[in-house]
Amino acid sequence: MINICLSLSLFLLMWKPIISHLAHIKAVLLFASTMTVMSGAIIAPALPGISRHFPDQPQVLIQLILTIPALMITLFSPLMGYLADRFGRKKLLLMMLGIYGFAGVSGFFIDRVDLLLSSRALMGIAVAGILSISTTLVGDYFDSTERARFLGLQSSCMALGGVIFINLGGILSDWSWRGPFLLYITGVLLLPYAWAILQEPKSSGSVSADTDGAPVKVDIGRTGLAYLIAMISMAMFYMFPAQLPFLLSQQGQISGMAIGIALSMTALTASIVAFCYGYYKPFLSVMTIYVLGFLLAAAGFLIVGFTQSYAMAIVGAAISGFGLGAFMPNTTTWLMRITPQRVRGRVFGGFTSTFFFGQFISPVVVSPAVIWLDSLRNVFTAMAVVCGVLAVVLIILGKTTLQADSKL
């Protein structure tokens, strides 16, 4: 795997004069974005092996090895956005790629849980920087039309990456629980390619004194709403990998492969609708896409909540994926249109934080909801109702307060 990544980087650098510079930039940003998905997906299949290797450690500590990067991303993304605006995007991204690679691959050598948790926390901080800065650079490098297409491609690659990396991690974890940690060296291998290709945007980290002192207005209300939608959509999306296996197991004996297929269906349909975002966005406003997304998600949750059939559960998961898959590119597109470039890093640091906070709180919210609603199946049904209500709220806002955004 390492040899393949190194060969790919050398190949792309060798063909740098032939391939357009814009294509190289897209490749760097896509590689960087998919690394954020690797932070958790690769390690998930290795958790049973890690638990067996540390039999005296509490189960919660073993589970934290998987989830602590998401917590660090939530806490440190705003800081990374501020640092990117203050000191420049490129050098901070290169630093984070290096930290990501060394902190991630250190898990292959560590033989203590506390040190393993520390390395995972450090890697989560690096992921906070990588995703915040790479998303900010999309706004810096591309115009509105190209930006919408690339954001869809970015979200699609991240969704598909989750499926691919879970399987790669599973293959390596069959060899050793340490095996998946080797994949994190890709952060270091991307460094020379990113250093050669990326250029610091002219207005970031190097603004003139008079411009730097000028006030920059950020629309707190619309930005806060975008953050809230990002958090809610991620919490909903994460219900499928976190809760669907338990729901399916209640329907009878179902193999791990069958559960994996059901989970992959949500990621697959989400990647398809994200990939196509740049093609349907010119015909639909930001608010319209949100409304349609919530309605599709509601239909999918309703099917999963009511059905007793494995096949129909897959259908419901796929429909929800079609709805939720458009939320990330749609939110980033909206934020880029309403955010001044000079503070874009800070705004997207906050976006990254709330996005991963949704992932972190999803199981926390569902656990008491299951007790209150008496079953996990009822929780999926209730989530369909919530999606419907949110769609109605956004329709009303689109006709009143956010009327201008209904034309974006």
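The values are calculated or read from the model by the stated rules, or taken from the named source; none is laboratory data. Please read these numbers as outputs of a predicted model, since none were measured by experiment. Glycine also receives a Cβ, built like all others from the backbone with ideal geometry; neighbour counts cover every protein chain displayed. Areas reflect the complete protein model, heavy atoms only, side chains present, ligands, DNA and RNA absent. Shrake-Rupley method; radii C 1.70, N 1.55, O 1.52, S 1.80 Å.
Out of L79, L97, L83, I need the residue that is surrounded by 17 or more Cβ atoms within 10 Å (Cβ to Cβ), modelled with pLDDT of 85 or more and over 22 Å from I42 (Cβ atoms). Which one? Lay out the reasoning, then the answer.
On the way: L79 fails: surrounded by 17 or more Cβ atoms within 10 Å (Cβ to Cβ); L97 fails: over 22 Å from I42 (Cβ atoms).
Selected residue: L83, the only one of L79, L97, L83 that is surrounded by 17 or more Cβ atoms within 10 Å (Cβ to Cβ), modelled with pLDDT of 85 or more and over 22 Å from I42 (Cβ atoms).
Could you list, in sequence order, the residues of the range 359-384 that are of a type in the set (F, W, Y), open to solvent by 40 Å² or more (accessible area, probe 1.4 Å) and more than 19 Å from I229 (Cβ to Cβ)? Before you say what the answer is, go through the steps one by one.
Initially, the range 359-384 is screened for residues of a type in the set (F, W, Y), giving 360, 372, 380.
With open to solvent by 40 Å² or more (accessible area, probe 1.4 Å) added as a condition, the list becomes 360, 372.
Passing the criteria: only W372.
Criterion first (over 28 Å from I73 (Cα atoms), in contact (Cβ under 8 Å) with a residue 12 or more places away in the chain and either buried (at least 20 other Cβ atoms within 10 Å of the Cβ) or not polar (S, T, N, Q) (or both)) does L284 satisfy it?
Values: over 28 Å from I73 (Cα atoms): yes; in contact (Cβ under 8 Å) with a residue 12 or more places away in the chain: no; either buried (at least 20 other Cβ atoms within 10 Å of the Cβ) or not polar (S, T, N, Q) (or both): yes.
Taking the combined requirement at face value, the residue does not satisfy it.
So, of the residues in the range 111-124 that are open to solvent by 30 Å² or more (accessible area, probe 1.4 Å) and modelled with pLDDT of 90 or more, which turns out to be farthest from Q57 (Cα to Cα)?
Here is the first cut: in the range 111-124, the ones open to solvent by 30 Å² or more (accessible area, probe 1.4 Å) are 111-112, 114-115, 118, 122.
Next cut, modelled with pLDDT of 90 or more only: 115, 118, 122.
Details: L115: 13, S118: 16, L122: 21 Å.
Selected residue: L122.
Return yes or no: is I272 open to solvent by 10 Å² or more (accessible area, probe 1.4 Å) and free of Cβ contacts under 8 Å to residues at least 24 places away in the same chain?
Values: open to solvent by 10 Å² or more (accessible area, probe 1.4 Å): yes; free of Cβ contacts under 8 Å to residues at least 24 places away in the same chain: no.
No.
State all residues of the range 290-320 that are under 16 Å from W334 (Cβ atoms) and open to solvent by less than 10 Å² (accessible area, probe 1.4 Å); if no residue qualifies, say none. Write out each step before concluding.
The initial filter retains those residues of the range 290-320 that are under 16 Å from W334 (Cβ atoms), namely 290-294.
Across the range 290-320, the qualifying residues are Y290, G293, F294.
Conditions first: (1) at pLDDT 90 or above; (2) buried (at least 24 other Cβ atoms within 10 Å of the Cβ); (3) not hydroxyl-bearing (S, T, Y). R89 passes all but one, so which condition is the exception?
(1)
Checking the conditions here, which among G169, G187, G205 is modelled with pLDDT of 75 or more and touching a Phe, Trp or Tyr at 6+ places or on another chain (Cβ under 6 Å)?
The match here is G187.
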